[in-house]
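Structure record follows, encoded as structure tokens.
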Amino acid sequence: MSHKLKVGELRESYLTDEDIWRVFTIVLSSKSVKSSTYKYALIKSLIENLYQVNEQYELTYDQLAYSFTKIYWNLIIHHNLDKQNRGMSARVTTILKDAKSKYGIPSDFIFDKIDDAIQVKVVSEVKKTMKEHVFGALYGDTKGIFYAFNHKGEYFRLNPAVHQFMLNYQRLVVNLTNYHMAVMIEELNEVQSINYLLGKVESIARRSSLRPFEQLLLRHFEETCFYCGKILSDIKRETNVDHFIPWSFVQSDHIWNLVLSCKRCNSSKSDKLPERHFLENIIDRNEELNNKTTDQAVRNMMINYKEKKIIMLYDYSIKNGFDAIWTP
Ligand SMILES: [Zn+2]
């Protein structure tokens, strides 16, 4: 488990922007989110300290812990968003709530207003948690190529290429981090006042029903599950229409990306990619669909289809963080 590490060396020094985007995309995506919002808070802390690095691109744990504590204080105490972990309560929530009651700090105080001496004590508590759960975890998620860290010397050294990248794309990186952190906080803190705007924006373009596609596919193909081959019976409403490449990546419904599947495969696949050999099967299926030239509706829907498009989509979705592969 990488979060148990006490030291992490930089694994690679030369990185292109594309290499860094690749890792970033995966780190930020919900696919690699562990149980808490910690890594987002660490990325935000890093960005806040981009201009504080020394000649060796180093930051101290104290610098990062200060930003990290401030972020969480304002979220947890000031905004009352205290659920920051999927399982039990995040350690940082406990530390901050304890400090609030111990020192009698009012809830409406933002972190800057707290007495300096108390700030130092709270930051030092939070720093211990960061050593246990944060530095090593993000190091693992970034495959050891973003930064080195050392618990004993309490220093954190950024890969110069990553530092340069963050300066170049700071605004984008901030927006992406904020978005993903907000989605997770929204999911964890189910309260009326939030109103789930992010979820609404995310799915606003989704179709309400794929029924017309289902009927079209049923007109031309046997009623079997594309993945497991099970015969689908209409009586139990077993027939589902599945996006071969997940909707959350393609964000559209093309007939050449839709297959009939059983309920079980559809729900266990969820928004994962099917194993690569299914790509050949869907290419064959689409070839058949292409040959249904007498069906005007099908012809219209296949007009811009090319075999290479679905292969490209498959490969791009992996590059974009859809790297969990599913088998029935
Ligand atoms: Zn199935």
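The values are calculated or read from the model by the stated rules, or taken from the named source; none is laboratory data. All of these numbers come straight from a predicted model, not from anything done at the bench. Note that we place each Cβ from the backbone using ideal geometry, even for glycine, and neighbour counts take in every protein chain shown. Side chains included, ligands, DNA and RNA excluded: accessible areas come from the protein's heavy atoms. Shrake-Rupley method; radii C 1.70, N 1.55, O 1.52, S 1.80 Å.
Which pairs in the list Lys100/Lys131; Lys4/Lys128; Lys128/Lys152; Lys4/Lys100 are over 20 Å apart, alpha-carbon to alpha-carbon? Kindly include the intermediate steps, with their values, before the conclusion.
On the way: Lys100/Lys131 22 Å; Lys4/Lys128 13 Å; Lys128/Lys152 12 Å; Lys4/Lys100 29 Å.
Correct reply: Lys100/Lys131; Lys4/Lys100.
Can you give me the accessible area per residue for the chain, using a 1.4 Å probe, in Å²? Please report the intermediate quantities before stating the final value.
On the way: 17350 Å² over 328 residues.
Ligands and nucleic acids excluded, the figure is 53 Å² per residue.
Straight-line reach from Lys319: which aspartates and glutamates have a Cα under 17 Å away, not including same-chain ones fewer than 8 places off?
Asp17, Glu18, Asp19, Asp141, Asp271, Glu275
Considering only C-alpha atoms, what is the centroid distance from region 81-124 to region 262-302, in Å?
Between the Cα centres of region 81-124 and region 262-302 lies a distance of 52 Å.
How many percent of the accessible area of the chain is carbon or sulfur, using a 1.4 Å probe? Before the final figure, lay out each step's value.
Numbers: 8980 of 17350 Å².
Taking all protein chains in place, the chain shows 52 percent carbon and sulfur surface.
Who wins for biggest fluctuation among Asn178, Asn281, Asn240 in a Gaussian network model of the chain, springs between alpha carbons below 10 Å?
Top of the fluctuation ranking is Asn281.
Percent relative contact order of region 211-326, based on C-alpha pairs within less than 8 angstrom and at least six residues apart?
Details: 125 pairs, mean separation 30.1, N = 116.
Here the relative contact order equals 26 percent.
Nearest 10 degrees is fine. How inclined is helix 211-220 to the longest principal axis of the chain, computing both from alpha carbons?
Once rounded, one gets 40 degrees.
Which of the pairs Lys44/Lys308; Lys200/Lys263; Lys83/Lys309 have their Cα atoms more than 32 Å apart in this structure?
Details: Lys44/Lys308 39 Å; Lys200/Lys263 25 Å; Lys83/Lys309 42 Å.
Cα-Cα > 32 Å for Lys44/Lys308; Lys83/Lys309; rest within.
So how exposed is Thr16, as accessible area in Å² (1.4 Å probe, rounded to 10)?
50 Å²
If you keep only loop residues by DSSP, which GluC sites (Glu not before Pro) in region 1-101 have at most 12 other Cβ atoms within 10 Å of their Cβ? If you can, show how the numbers build up before the last one.
Numbers: sites: Glu9, Glu12, Glu18, Glu48, Glu55, Glu58; in loops: Glu9, Glu12, Glu55.
Sparse-neighbourhood loop GluC sites (Glu not before Pro): Glu9, Glu12, Glu55.
If you build a Gaussian network model of the chain, linking Cα atoms that sit under 10 Å apart, which residue out of Asn74, Asn291, Asn189 swings the most?
Ranking Asn74, Asn291, Asn189 by mean-square fluctuation puts Asn291 first.
Anyone know which of Ile77, Ile283, Ile118 comes out most mobile in the 10 Å Cα GNM of the chain?
Result for the chain, Cα springs under 10 Å: Ile118 fluctuates most.
Roughly how tilted is helix 116-133, in degrees to the nearest 10 and between 0 and 90, from the longest Cα axis of the chain?
Orientation of helix 116-133: about 40 degrees from the principal axis.
How about region 147-195: which trypsin sites (Lys or Arg not before Pro) there lie in a loop by DSSP and see at most 14 other Cβ atoms within 10 Å? Before the final figure, lay out each step's value.
Numbers: sites: Lys152, Arg157, Arg171; in loops: Lys152.
Answer in residue order: Lys152.
Straight distance only, please: which aspartates and glutamates reach the Cα of Lys230 with their own Cα at less than 16 Å, same-chain residues fewer than 8 apart left out?
Leaving aside aspartates and glutamates fewer than 8 places away in the same chain, those within reach of Lys230 are Glu222, Glu238, Asp242.
Where does each of Arg285, Arg11 land when they are ordered by accessible area, with a 1.4 Å probe and the largest first?
Values: Arg285 20, Arg11 155 Å².
Final ranking, largest accessible area leading: Arg11, Arg285.
Only Cα pairs under 8 Å and at least 6 apart count here; give the relative contact order of the chain as a rounded whole percent.
Numbers: 383 pairs, mean separation 67.5, N = 328.
For the chain, the relative contact order is 21 percent.
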